[in-house]
Amino acid sequence: MIGIEQRTICDGVNFRSIRDNKFKTVRMSVHLIVPMSQATAAENALVPFLLSRASREYPDYTKLGQRLAELYGASLNADVQKLGDLQVLTISACGLADRYALDGESISRELGNLLCSILFDPPFEDGLFPQDGFEQEKRQTIELIDSEFNDKRTYARQRCEALMCKNEPFGINRYGSKEDICNLQRPAITDAWNALIRRARVEVTVLGDCDPEPVYEGFSRAFRQAGRDSVVSCPNAVVRQADTVNEVTEKMDVAQGKLVLGFRTGTAMPEEAVPAVKLMTALYGGTPNSKLFLNVREKLSLCYYCSAQFNSMKGIMLVQSGVETENMQKAREEILRQLDEVKKGNFDDSEMEAAKMSLANSYRTLSDSLGGLDNWYLSQTFANQIQRPEEAAACINAVTRQELIDAANRVTLDTVYCLVGNGEDAQ
């Protein structure tokens with residue numbers, strides 16, 4: 001890694017460059033960050049997909065495609081995700097590193113200009129996004145929601161999160177509701193775009209082998225001309241512990257039942273104890289050597305899969321498993337029993353070292369992918385100090401046995417969600 005540089009473009013707009021000459025490509029992303037709200041989630045979600053279709057300079061797919069081809073086959077992508085209680089709307093461009101351009105062109109400069117054109121100068125018709133693109137993106141976003149519903153593993157996780165965080169913005173679907181998307185009108189999308197440009201918190205990230213200065217200058221000009229207003233507040237609520245356990249069972253036409261347990265860990269970014277919770281989660285259910293995998297799945301054969309994940313922004317740990325209906329109760333009991341084992345310190349040092357190695361290695365491999373690095377630095381937007389993946393791996397390796405046990409003992413069960421087949425009695 002050559003270096004990380006951070007600069008402020010204007011109020012609420014941060015520019016970060018991560019230079020590394022081992023890559024033959026560059027990646028540029030603009031992340032628009034706003035509070036997640038049921039009232040605005042759907043209209044915001046459509047904005048990055050509409051923007052990535054065209055600009056006034058390149059007003060249709062054909063002209064935009066030609067321009068990307070001229071830039072040695074560059075690509076554009078749009079995405080919507082959640083970062084705690086926040087909605088993140090992303091447009092990114094990937095292309096060839098400048099040193100490989102045949103005629104000495106600055107590919108990075110041109111990619112930056114293209115992103116600015118797309119973000120700040122849409123091909124409006126009578127002040128609105130084009131009707132055909134609007135209808136197509138509505139349809140495709142509804143299809144995305146349907147695809148998540150049809151993937152019952154994803155659906156079960158989302159349902160547990162929604163139930164667990166029903167009074168928190170995190171419980172809202174990143175795309176908003178299907179009904180809200182169906183009811184969207186073009187003026188609302190145009191208003192949402194205008195509000196995002198003027199008021200969203202923005203993270204502009206440039207990664208790979210390029211000179212970031214021309215990109216910085218291009219975005220600086222664009223944001224100055226955009227007329228920024230007061231930046232929205234980006235709060236993130238953390239519920240420290242669960243006082244009661246919420247249990248919900250749903251029946252659906254599924255062949256394999258799903259059991260999801262939602263826990264409050266009492267720890268979230270940017271607190272110092274986060275690495276201990278990450279390591280505890282890995283030892284408990286985050287690796288093929290974890291207690292959940294070796295005991296619940298392998299030894300007792302109570303489920304098809306069983307794993308734990310930690311959301312460091314919300315301080316939430318989810319245990320997901322695929323279970324036959326008749327094994328629901330047994331699997332639940334064993335999952336909780338294995339957590340108690342961790343709380344009591346009933347694990348070998350070799351288990352802890354294996355978890356450290358697995359987690360630290362996953363951090364180090366992030367540096368092999370520009371997309372992985374982009375997501376890594378986005379996840380640290382609200383950290384007290386930005387860490388490289390290698391530095392995070394060092395923090396994991398520094399966690400002590402007692403810190404891991406203490407982290408486990410702060411965990412409380414919040415929600416139990418069961419998805420079972422029709423005509424079956426939930427256990």
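The values are calculated or read from the model by the stated rules, or taken from the named source; none is laboratory data. Keep in mind it's a predicted model, so treat the numbers as computed, not measured. FYI the Cβ positions are ideal-geometry reconstructions off the backbone, even for glycines, and counts take in every protein chain you see. SASA here: full protein model, heavy atoms, side chains in, ligands and nucleic acids out. Shrake-Rupley method; radii C 1.70, N 1.55, O 1.52, S 1.80 Å.
Odds and ends about this structure:
- Sum of -39500 (n - 2.57) over DSSP H runs of 4+, divided by residues of the chain (222 nm, nearest 500): -12500 deg cm²/dmol
- Surface exposure of the chain, expressed per residue as accessible area with a 1.4 Å probe, stands at 43 Å².
- Each of the peptides 212-223, 255-266, 122-133 was scored by the mean count of other Cβ atoms within 10 Å over its residues; in descending order, highest first, they stand as 255-266, 212-223, 122-133.
- With each label modelled as a point 7 angstrom along the Cα→C-beta vector, the Gln185-Gln329 pair spans 5.4 nm.
- Centre-to-centre, using Cα atoms only, region 227-253 and region 294-349 are separated by 23 Å.
- Value of relative contact order over the chain, rounded to a whole percent, pairs C-alpha under 8 Å and six or more apart: 21 percent
- Separation between Cα centres of region 105-133 and region 373-426, rounded to whole Å: 37 Å
- Where labels lie 7 Å past Cα in the beta-carbon direction, separation of Asp146 and Ala237 in nm: 3.4 nm
- Among Val204, Val416, Val245, residue whose mean-square fluctuation peaks in a GNM of the chain (springs only between Cα atoms under 10 Å): Val245
- For the chain, size of Cβ-based charge dipole, Lys and Arg +1, Asp and Glu -1, in debye: 480 debye
- Within the accessible area of the chain, the carbon and sulfur atoms contribute 45%, probe 1.4 Å, all protein chains present.
- For Leu83, nonlocal amide neighbours, meaning residues 5 or more places apart or on other chains whose placed amide H falls under 5 Å from its own, are Val88.
- Distance distribution note for the chain: the fraction of Cα pairs above 43 angstrom is 17%.
- With 25 Å as the limit, the listed pairs Lys251/Lys278; Lys178/Lys251; Lys314/Lys356; Lys258/Lys291; Lys251/Lys299; Lys178/Lys278 have Lys251/Lys278; Lys251/Lys299; Lys178/Lys278 beyond it between alpha carbons.
- Projecting the Cα atoms of Gly227, Ala200, Ala242 onto the charge dipole of region 153-244, computed from C-beta unit charges around the Cα centre, puts Ala242 farthest toward the positive end.
- Approximate shape of region 31-134 as ellipsoid semi-axes (Cα gyration tensor, √5λ), whole Å, largest first: 27, 18, 9
- Rg ratio (alpha-carbon, reference 2.2 N^0.38 Å) - region 1-45: 1.63
- When Rg and the Kirkwood radius Rh are both evaluated on Cα atoms of region 295-427, their ratio Rg/Rh stands at 1.02.
- Under 5 Å, built H, 5+ apart or other chain: amide partners of Thr249: Cys418
- Taking a point 7 Å out from the Cα of Ala383 in the direction of its Cβ, the residues of region 269-294 whose backbone N falls within less than 16 Å of it are 269-279.
- A dipole drawn for the chain from +1 and -1 charges on Cβ atoms has a positive end, and of Ala54, Gln140, Gly322 the residue lying farthest that way is Gly322.
- Centre separation in Å (Cα based) which lies between region 144-205 and region 22-56: 12 Å
- Inter-probe distance in nm under a simple model that places probes 7 Å from Cα toward Cβ, at Asn21 and Arg139: 4.9 nm
- Counting 0.36 nm for each residue step from Leu102 to Thr244 and taking away their Cα separation leaves a gain of 44.7 nm.
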